[in-house]
């Protein structure tokens, strides 16, 4: 198992510090967490749970630096809306308001900006959110890469009980809402000029309706996590560590399109590390597992939903994958960036 | 008077589209406003006023791309905290929670990041806000400029009555909380390697305490605006246009340090266009003018507060400065960027 080096062994920031792997974790643990320490950040969740004037809110932010700006199934604008919408949904919050901050490189074609802004408006409408605050900065040529977008979001938490890694319990069922790795592969295919029989579209989509259907049905949801940077593996590892529990999953339960599997093999990627932008894992009380699977499958975004495995007491902090041939593999986040700038 | 060209006459984004002048306004009016149209954005204020579960909130965002990262009186971190804190305060909201999104250029010294993060933590403590959500992205060398930071913020609005340009009334007194142009000049002095007898420090500071003192005293505050990009002139022009009223101010009432005045002359800058990061203009009911001045002056950040002038009915949308020699000058935002990337 890899032991992270202290941050002092990295005198400069590397690309891998931003890819959601072990170095990102190091940066958070050694630079951000000590400076900003507070109970909300300690939750290590996609959105902070706060309470204001008796109202239960969720609050989150993400910057988007994806390259190229346009890809099959979306663009930086749809990503910037759905990514933040999904982070709110993962805290069990109905996404309501977004802010949008644009950092534009001088010389960006106005038509490109207009396309992205139009995408954002459409994605916001589809996700039921309103973009109520904005900011634009322009930097000199060569000082950015076309366009970066930050969105922050506010949502209304439906339940008082936390939906967060700390709420995961031994015995919980672990489900995934659909097939993996499509977003990352769609980006990489473009960069590497790979062509497939049918194009592999990003799965970029807003996940609140899926979450809402579980909450409305009274499912005892303990934790939700969307599978962005670092993919399924990073999500499960972080939850196992934060909850100090063990997660056991079955490789043959992981939904994967055949062409995506082929592309991963061709590119030397393990699909469990590749980002999705419209998939979640749900940790629910054991008694709700069958109902959860049925509810997820009833929604177009959850048709491929699958039960991956379950939570156990020990060995704590560990994720184990039972492979198709029956061996057991301990999962860990990769040290090196597999796919920089996919979101 | 300059008439803005339609956006189609700008096939590419220019630096001036980001400097808070006429082209920024064009970009907002022709690209962002049509796509995102909603009542909150139509307010054209520093922070959106929203209501959630019966709680009155303010929500805002800003990205910070200042160069250089460190300057006299602050750095990109203090700016990123105070700038967003002040946008909330300008909506009459107590700043409470911030998010922080970092876009880092590969190769940034870790020590630089740590210095900035420490500054942010100190600034947050001083301003009474908690940084509850964060995100880090790293982009390849040459694809950013060291470090960009986005902060978004949530505040609690103390009053039901809006504090916004639309609430400005004829007869309102216009006050400024202190001397102008220090932030912009401190940045430009560094870039141009100018040396002064005593260094000109940025005025970067959190303004909520000033605002709170007015609200606690029951002053009828109609509008507040901090004087960032575009300075005093851009703030007044935007408010006059949005409120469809006339603003008349006196040049000799504008507080300005002698060395800042000298630096502006040397650099060919008009101080009314130069950014501050710790100054506000307040529009208050006429009967509260003397009390407002006294309250502002009672706070260390408002010692140089001054009454600039008053709001009149017509000519609507116009700001007029009575100069020291008694002539009248119609103010307008400059077309060209005077000072790119000062925040």
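Within the stretch B:1-80, which helices (runs of 4 or more DSSP H) (wholly inside it) include 2 or more residues that are surrounded by fewer than 18 Cβ atoms within 10 Å (Cβ to Cβ)?
Result: B:33-36, B:39-42.
Checked against the criterion of being more than 9 Å from chain B (Cβ to nearest Cβ) and more than 17 Å from the chain's Cα centre (by Cα), the stretch A:40-48 contains one or more residues that satisfy it.
The numbered conditions (1) within 11 Å of another protein chain (Cβ to nearest Cβ); (2) out of contact with any helix residue (DSSP H, G or I) (no Cβ under 7 Å at 6 or more places or on another chain); (3) part of a helix (DSSP H, G or I) are all true for residue A:116 except (2). Is it the case that residue B:148 is touching a strand residue (DSSP E or B) at 6+ places or on another chain (Cβ under 7 Å), more than 7 Å from every other protein chain (Cβ to nearest Cβ) and either surrounded by fewer than 20 Cβ atoms within 10 Å (Cβ to Cβ) or outside any loop (DSSP other than H, G, I, E, B) (or both)? So residue B:148 fails the test.
This table checks each residue for (1) within 23 Å of residue A:299 (Cα to Cα); (2) modelled with pLDDT under 95; (3) under 19 Å from the mean Cα position of the chain (by Cα); (4) assigned by TED's automatic domain parsing to the domain that holds residue A:300.
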site: A:198; (1), (2), (3), (4): no, yes, no, yes
site: A:213; (1), (2), (3), (4): yes, no, no, yes
site: A:219; (1), (2), (3), (4): yes, no, no, yes
site: A:223; (1), (2), (3), (4): yes, no, yes, yes
site: A:235; (1), (2), (3), (4): yes, no, yes, yes
site: A:240; (1), (2), (3), (4): no, no, yes, yes
site: A:243; (1), (2), (3), (4): no, no, yes, yes
site: A:247; (1), (2), (3), (4): no, no, yes, yes
site: A:251; (1), (2), (3), (4): no, no, no, yes
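Against the list (1) closer than 23 Å to residue A:62 by Cβ; (2) out of contact with any strand residue (DSSP E or B) (no Cβ under 6 Å at 6 or more places or on another chain); (3) away from chain A (no Cβ under 11 Å), the condition residue B:75 fails is (1). Condition check for residue A:87 on (1) more than 10 Å from chain B (Cβ to nearest Cβ); (2) under 29 Å from residue A:233 (Cα atoms): one failure, at (1). Any residue at all in the stretch A:294-312 that is farther than 28 Å from residue A:188 by Cβ, in contact (Cβ under 8 Å) with a residue 12 or more places away in the chain, assigned to a loop (DSSP other than H, G, I, E, B) and in contact with a strand residue (DSSP E or B) (Cβ under 9 Å, 6 or more places away or on another chain)? No.
Just to verify a result, which residue in the stretch A:122-137, among those that are more than 7 Å from chain B (Cβ to nearest Cβ) and surrounded by fewer than 21 Cβ atoms within 10 Å (Cβ to Cβ), is nearest to residue B:49 (Cα to Cα)? Restricting to residues being more than 7 Å from chain B (Cβ to nearest Cβ) and surrounded by fewer than 21 Cβ atoms within 10 Å (Cβ to Cβ), the top hit is A:128. Considering B:98, B:180, the condition of being part of a loop (DSSP other than H, G, I, E, B), surrounded by 24 or more Cβ atoms within 10 Å (Cβ to Cβ) and more than 7 Å from every other protein chain (Cβ to nearest Cβ) is satisfied by B:180 alone.
Of the numbered conditions (1) buried (at least 24 other Cβ atoms within 10 Å of the Cβ); (2) out of contact with any strand residue (DSSP E or B) (no Cβ under 8 Å at 6 or more places or on another chain), residue B:192 fails exactly one; give the number of that condition. Residue B:192 satisfies every listed condition except (1). Yes or no: residue B:329 surrounded by 13 or more Cβ atoms within 10 Å (Cβ to Cβ) and away from chain A (no Cβ under 14 Å)? When the stated conditions are applied, residue B:329 does not pass them. Out of all the residues in the stretch A:269-284, is one or more over 22 Å from the mean Cα position of the chain (by Cα) and either under 21 Å from residue A:183 (Cβ atoms) or not in a strand (DSSP E or B) (or both)? Checked the stretch A:269-284: no residue is over 22 Å from the mean Cα position of the chain (by Cα) and either under 21 Å from residue A:183 (Cβ atoms) or not in a strand (DSSP E or B) (or both).
The values are calculated or read from the model by the stated rules, or taken from the named source; none is laboratory data. As the structure is a computational prediction, the values presented were derived from the model and not from experiment. Every residue, glycine among them, receives a Cβ derived from its backbone with ideal geometry; neighbour counts consider all protein chains shown.
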